1. Looking at segment 85-94, can you tell me whether even one residue there is out of contact with any helix residue (DSSP H, G or I) (no Cβ under 9 Å at 6 or more places or on another chain), closer than 26 Å to VAL34 by Cβ, assigned to a loop (DSSP other than H, G, I, E, B) and modelled with pLDDT of 75 or more?
2. I'm trying to understand the selection: among the residues of segment 67-99, which are under 11 Å from the mean Cα position of the chain (by Cα) and in contact (Cβ under 8 Å) with a residue 24 or more places away in the chain?
3. Please enumerate the residues belonging to segment 1-55 that are β-branched (Val, Ile, Thr) and not in a helix (DSSP H, G or I).
4. Residue pairs, Cβ under 8 Å, 6 or more apart or interchain, first in segment 28-43 and within 17 Å of LEU93 (Cα to Cα), second open to solvent by 100 Å² or more (accessible area, probe 1.4 Å). List them.
5. Taking the conditions exactly as written (in contact with an Asp or Glu (Cβ under 8 Å, 6 or more places away or on another chain), open to solvent by less than 60 Å² (accessible area, probe 1.4 Å) and touching a residue at least 12 places away in the same chain (Cβ under 8 Å)), does VAL47 satisfy them or not?
6. Quick one: in segment 71-86, of everything that is open to solvent by less than 60 Å² (accessible area, probe 1.4 Å) and not polar (S, T, N, Q), which residue is farthest from ILE23 (Cα to Cα)?
Amino acid sequence: FATIDDYYYGVMVVVILAVGVCIGLEIPLLTRIVAHRTDLSNALADVLSIDYLGALVGSLLFPLVLLPLLGVNQTAFLMGMLNIFVAGLNLRLFQHRMTPPCQTRIMDRGGGLRRADGDRQSAVHRFCAVF
């Protein structure tokens, strides 16, 4: 653990950049998906309106309901589980848009968690089977 402080800054910058890039790609990707149904200006308006509505609901629900009701740790756990649920739902809903090699990589490597008994089926496979 003596060298952890040496790498902390670099790892922190890489993680922050990765999260920032993913957040920056969210609106353009959603707009491209919705643009197949309508023209680009209406698709962008739809995506931004849903994004703003979700931000409004989240910014009111989080401090006014979830924190007083559940506390910090349980609220953080609930938000993490909600993100995992949405990721699994998106994998299932957009499975037809992924190429077979991409599906294999996501299902095998993305679900890096393995059961303790050595089962080769990934956690993502088991999670997506629920949907």
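The values are calculated or read from the model by the stated rules, or taken from the named source; none is laboratory data. Being a predicted model, the structure only gives us computed values, none of them experimental. Here the Cβ positions follow ideal geometry from the backbone for every residue, glycine too, while neighbour counts run over all protein chains shown. Ligands, DNA and RNA are excluded from the accessible area calculation, which covers all protein heavy atoms including side chains. Shrake-Rupley method; radii C 1.70, N 1.55, O 1.52, S 1.80 Å.
1. No, segment 85-94 contains no residue that is out of contact with any helix residue (DSSP H, G or I) (no Cβ under 9 Å at 6 or more places or on another chain), closer than 26 Å to VAL34 by Cβ, assigned to a loop (DSSP other than H, G, I, E, B) and modelled with pLDDT of 75 or more.
2. ILE84, GLY88, LEU89, LEU91 - these are the residues of segment 67-99 that are under 11 Å from the mean Cα position of the chain (by Cα) and in contact (Cβ under 8 Å) with a residue 24 or more places away in the chain.
3. To start, the set of residues in segment 1-55 that are β-branched (Val, Ile, Thr) comprises 3-4, 11, 13-16, 19, 21, 23, 27, 31, 33-34, 38, 47, 50.
Scanning segment 1-55 gives THR3, THR38.
4. What qualifies is THR31/LEU40.
5. Details: in contact with an Asp or Glu (Cβ under 8 Å, 6 or more places away or on another chain): no; open to solvent by less than 60 Å² (accessible area, probe 1.4 Å): yes; touching a residue at least 12 places away in the same chain (Cβ under 8 Å): yes.
No.
6. So the first thing to find is which residues in segment 71-86 are open to solvent by less than 60 Å² (accessible area, probe 1.4 Å), and the list is 71, 75, 80.
Next cut, not polar (S, T, N, Q) only: 71, 80.
Details: GLY71: 26, GLY80: 16 Å.
Restricting to residues being open to solvent by less than 60 Å² (accessible area, probe 1.4 Å) and not polar (S, T, N, Q), the top hit is GLY71.
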